[in-house]
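One structure is given below, encoded as structure tokens.
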Amino acid sequence: MASATSTQWARLLKNQGTWVGSFTQVSPTGEILQDTPSEVALSPLNGGNTMRQEIRKRPPGQPPSETVLEYSSLGRGVLFCETGAFSQGSIQRSPVSEFGAELGLIHGSERLRVAQVFPRQPTLGSLTLIREHLAGTEPTPRPTLTVGQLIGTWVGEATTVFPDWQPQRSMTTQLEIQREGDRPVTQTLTFGNSTAIQFQGQLVGSTLTFEQGSQPVTVLLLPGGASATFPTEIQSGQPLFLEAGWLITPTLRQRLIRTYNAQGTWESLTLVTEQKV
């Protein structure tokens, strides 16, 4: 048990430093509502056994705010992947309480985080996109994600970590995204040796909706090469997932997927790193 805990803490330490960026409030239909400059400093103390987290925000036209946290253990709702990518959020979905999660991806001196919140309702209430870079580095400019950038075949590896500390698992992935003209977007997904699963989605503005399956999903195409995927309307008694995607370069993409079972219990966190072939 100690080794799993220390491994998780070592992965948290991959996020140390001062991250400069902004918190962008996005409506559930993809409109940008507000952008708040931010600085998040993660500083190891006590020989690396304690983490101090300082969050400073400068909302436009309002006084700045600062939050300071110190912790030496991780909560039950958080898990880290080998890269330092992480997710924290609800460990159980209940219709009578707020439900949601933050999904954070890390690449070099940049991070991309997406927070999705369902406030006691089956539809998304709020979405926050957080784009950050380490102080003293230059962020890579990335346009708002488009379906056109995703068309093609993506081959990669998915590594899954579990909140009950069972060993992580890896498998190959293939994602093929096709679209002709104004026709629906076709997405064909293969994990390992399993049978390919195909979905068709309708694109309206920056929103892609997939109606098939037990839990129809919405994909929002966001600034900075980001995407957020979530249930269009949570159907109780069906498994569900929350996902953040990041097109880091035109041929490199990462996705982080937080999966819940049919009972609404958090089951796993999967990091997919894929290259366009």
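The values are calculated or read from the model by the stated rules, or taken from the named source; none is laboratory data. In this text the structure is predicted, and so the values were computed from the model without any measurement. Heads up, the Cβs are rebuilt from the backbone with ideal geometry, glycines too, and the neighbour counts pull from every protein chain shown.
Note on segment 51-93: among residues that are within 21 Å of the chain's Cα centre (by Cα) and polar (S, T, N, Q), the one that is nearest to Leu256 (Cα to Cα) is Ser87.
Among the residues making up segment 167-191, those that are over 22 Å from the mean Cα position of the chain (by Cα) and either closer than 28 Å to Ser3 by Cα or exposed (fewer than 13 other Cβ atoms within 10 Å of the Cβ) (or both) are Glu180, Gly181, Asp182, Arg183. Within this structure, Ala244 passes the test of being under 19 Å from the mean Cα position of the chain (by Cα) and among the aliphatic types (A, V, I, L, M).
Being in contact (Cβ under 8 Å) with a residue 24 or more places away in the chain, closer than 21 Å to Glu110 by Cα, surrounded by fewer than 19 Cβ atoms within 10 Å (Cβ to Cβ) and polar (S, T, N, Q) holds for only one residue in Thr251, Thr273, and it is Thr251. Residues considered: Arg56, Arg76. Of these, the only one that is in a loop (DSSP other than H, G, I, E, B) and over 14 Å from Gln16 (Cα atoms) is Arg76. Checked against (1) touching a residue at least 40 places away in the same chain (Cβ under 8 Å); (2) part of a loop (DSSP other than H, G, I, E, B); (3) small (Gly, Ala, Ser), Ser87 passes all but a single condition, namely (2).
State whether the residues of segment 141-148 include one that is out of contact with any strand residue (DSSP E or B) (no Cβ under 9 Å at 6 or more places or on another chain), free of Cβ contacts under 8 Å to residues at least 60 places away in the same chain and farther than 22 Å from Thr232 by Cβ. Yes, segment 141-148 has at least one match. Restricting attention to segment 138-166, the residues that are at pLDDT 95 or above, under 22 Å from Phe80 (Cβ atoms) and exposed (fewer than 14 other Cβ atoms within 10 Å of the Cβ) add up to 1.
Given the condition modelled with pLDDT under 95, over 20 Å from the mean Cα position of the chain (by Cα) and farther than 20 Å from Gln116 by Cα, answer yes or no: does some residue in segment 227-236 qualify? No, segment 227-236 contains no residue that is modelled with pLDDT under 95, over 20 Å from the mean Cα position of the chain (by Cα) and farther than 20 Å from Gln116 by Cα. Scanning segment 261-277 for any residue that is closer than 30 Å to Ser22 by Cβ, under 14 Å from the mean Cα position of the chain (by Cα), modelled with pLDDT of 95 or more and basic (Lys, Arg) turns up nothing. Number of residues in segment 37-63 that are within 18 Å of Gln25 (Cα to Cα) and either surrounded by 12 or more Cβ atoms within 10 Å (Cβ to Cβ) or among the hydroxyl-bearing types (Ser, Thr, Tyr) (or both) equals 9.
So, in segment 1-50, exactly how many residues are under 29 Å from Pro141 (Cα atoms) and either among the acidic types (Asp, Glu) or outside any helix (DSSP H, G or I) (or both)?
Just the residues of segment 1-50 that are under 29 Å from Pro141 (Cα atoms), to begin with: 11-43.
Narrowing further to those that are either among the acidic types (Asp, Glu) or outside any helix (DSSP H, G or I) (or both): 14-43.
Residues flagged as under 29 Å from Pro141 (Cα atoms) and either among the acidic types (Asp, Glu) or outside any helix (DSSP H, G or I) (or both) within segment 1-50 amount to 30.
Scanning segment 196-243 for residues that are crowded, with 16+ Cβ neighbours inside 10 Å and on the phi > 0 side of the Ramachandran plot turns up Gly224, Gly225.
The residue of segment 101-130 that is surrounded by the most Cβ atoms within 10 Å (Cβ to Cβ), among those that are under 14 Å from Phe86 (Cα atoms) and basic (Lys, Arg), is Arg113.
When Gln174 is tested against (1) without any contact (Cβ under 8 Å) to a residue 12 or more places away in the chain; (2) in contact with a strand residue (DSSP E or B) (Cβ under 7 Å, 6 or more places away or on another chain), exactly one condition is not met: (1). Highlighted here are the strands (runs of 3 or more DSSP E) found entirely within segment 177-258 that include at least 2 residues which are among the β-branched types (Val, Ile, Thr): 185-191, 197-204, 207-210, 217-221, 240-249. Residue count for segment 59-73, restricted to those that are among the hydroxyl-bearing types (Ser, Thr, Tyr) and outside any strand (DSSP E or B): 2.
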